[in-house]
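A.B. asks: This is the structure, below, for whatever I ask next.
The values are calculated or read from the model by the stated rules, or taken from the named source; none is laboratory data. Keep in mind that what you see is a predicted model, and the values were worked out from it rather than measured. Methodologically, a virtual Cβ is constructed for each residue, glycine included, from the backbone with ideal geometry; neighbour enumeration extends over all protein chains shown.
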Amino acid sequence: MVLESLGCEKYLNEHLGSSCYHFRWSKYKATGLDDREVLLSPHTDQNFLTILYQNGVNGLEIQTKNGEWNFVQQLPNSFIVLVGDSFHAWSNGRLRTQMHRVTMSGFATRYSIGIFVSPKPWYVVSAPDEFIDEEHPLHYRPFEAGEYFEYTKSTGAQGEPRLKSFCGI
Ligand SMILES: O=C(O)CCC(=O)C(=O)O
Ligand SMILES: [Fe+2]
């Protein structure tokens, strides 16, 4: 669907063949506090896409461009989809990687399940020609996903600044 919205369905097979999928089930214990506490620090995911489902207890927050944190209100029978750094780089910045965190308060425990779609380590993340023109020059040099994943361990930066310091042009 995302590739379709970019008019790039032709890359679907390439992505399917070069992606791996991790499943994570997370439990965020009720804090019993009135004030919200940060249980998962602000970060961007390094991967292509993260697909999340939660048990009706809000907690995931996305940072807006002006730095505010907004709760993600999950609609019934829907999934939350987050764009990761690799997809941001592949789309030459058209898809925005999203800074997010989890905060909790009160007495309800939150459960989330996530499917993390990541490029295989050998996959070279390289923006296709469709995304590059005079108005949109290439932002990131092509890179091997595995090298970027290693790099993320050595820096506290997240998202666009992390990509820029790794492979920015
Ligand atoms: O549990 C959530 O809603 C978010 C989890 C998350 O951001 C992550 O595991 O990277
Ligand atoms: Fe995340």
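A.B. asks: From (1) in contact with a Ser or Thr (Cβ under 6 Å, 6 or more places away or on another chain); (2) in a loop (DSSP other than H, G, I, E, B); (3) buried (at least 18 other Cβ atoms within 10 Å of the Cβ), pick out the condition that doesn't hold for LEU33.
C.D. replies: Result: LEU33 passes all but (3).
A.B. asks: Which of the residues that make up the range 58-98 are more than 10 Å from ligand 1 (Cβ to nearest atom), part of a loop (DSSP other than H, G, I, E, B) and under 23 Å from LEU39 (Cα atoms)?
C.D. replies: Listed by number, the residues that qualify are THR64, LYS65, ASN66, GLY67, GLU68, GLN73, LEU75, PHE79, THR97.
A.B. asks: If you take the residues in the range 28-48 that are among the charged types (D, E, K, R) and more than 27 Å from SER118 (Cα to Cα), which one is nearest to ligand 1 (Cβ to nearest atom)?
C.D. replies: Going residue by residue through the range 28-48, those that are among the charged types (D, E, K, R) are 29, 34-37, 45.
From what's left, more than 27 Å from SER118 (Cα to Cα): 29, 34-37.
Numbers: LYS29: 13, ASP34: 21, ASP35: 20, ARG36: 14, GLU37: 15 Å.
Taking the candidates together, the pick is LYS29.
A.B. asks: Do you know which of the residues in the range 106-120 that are surrounded by 14 or more Cβ atoms within 10 Å (Cβ to Cβ) and farther than 26 Å from THR31 by Cα is nearest to ligand 1 (Cβ to nearest atom)?
C.D. replies: PHE116
A.B. asks: Do you know which residues across the range 127-169 are touching a residue at least 12 places away in the same chain (Cβ under 8 Å), within 16 Å of ligand 2 (Cβ to nearest atom) and of a type in the set (D, E, K, R)?
C.D. replies: Within the range 127-169, GLU160, ARG162 meet the criteria.
A.B. asks: If you scan the range 3-30, which residues turn out to be more than 16 Å from ligand 2 (Cβ to nearest atom), polar (S, T, N, Q), in contact (Cβ under 8 Å) with a residue 40 or more places away in the chain and not in a loop (DSSP other than H, G, I, E, B)?
C.D. replies: Here is the first cut: in the range 3-30, the ones more than 16 Å from ligand 2 (Cβ to nearest atom) are 3-20, 29-30.
Retained after the next criterion (residues that are polar (S, T, N, Q)): 5, 13, 18-19.
Then keep just the ones that are in contact (Cβ under 8 Å) with a residue 40 or more places away in the chain; that gives 18-19.
Once the filter is applied, which keeps residues that are more than 16 Å from ligand 2 (Cβ to nearest atom), polar (S, T, N, Q), in contact (Cβ under 8 Å) with a residue 40 or more places away in the chain and not in a loop (DSSP other than H, G, I, E, B), the range 3-30 yields only SER19.
A.B. asks: Something else about it: Give the number of residues within the range 148-164 that are in contact with a helix residue (DSSP H, G or I) (Cβ under 8 Å, 6 or more places away or on another chain) and outside any loop (DSSP other than H, G, I, E, B).
C.D. replies: 7
A.B. asks: In addition: Could you go through the range 67-76 and let me know if any residue there is at pLDDT 95 or above and crowded, with 18+ Cβ neighbours inside 10 Å.
C.D. replies: no
A.B. asks: Can you tell me which residue is nearest to ligand 2 (Cβ to nearest atom) among those in the range 100-126 that are more than 17 Å from the chain's Cα centre (by Cα) and hydrophobic (A, V, I, L, M, F, W, C)?
C.D. replies: Within the range 100-126, the match that is nearest to ligand 2 (Cβ to nearest atom) is MET104.
A.B. asks: Something else now. One residue is enough: does the range 94-105 have a residue meeting the conditions surrounded by fewer than 18 Cβ atoms within 10 Å (Cβ to Cβ), more than 28 Å from TRP25 (Cβ to Cβ), in contact (Cβ under 8 Å) with a residue 60 or more places away in the chain and not β-branched (Val, Ile, Thr)?
C.D. replies: Step one: of the range 94-105, the residues surrounded by fewer than 18 Cβ atoms within 10 Å (Cβ to Cβ) are 94, 96, 101, 105.
Filter once more, so that each one left must be more than 28 Å from TRP25 (Cβ to Cβ): 94.
Filter once more, so that each one left must be in contact (Cβ under 8 Å) with a residue 60 or more places away in the chain: 94.
Okay, now just the ones that are also not β-branched (Val, Ile, Thr), so 94.
Within the range 94-105, one or more residues are surrounded by fewer than 18 Cβ atoms within 10 Å (Cβ to Cβ), more than 28 Å from TRP25 (Cβ to Cβ), in contact (Cβ under 8 Å) with a residue 60 or more places away in the chain and not β-branched (Val, Ile, Thr).
A.B. asks: State all residues of the range 40-52 that are surrounded by fewer than 16 Cβ atoms within 10 Å (Cβ to Cβ) and either more than 12 Å from ligand 2 (Cβ to nearest atom) or without any contact (Cβ under 8 Å) to a residue 24 or more places away in the chain (or both); if no residue qualifies, say none.
C.D. replies: none
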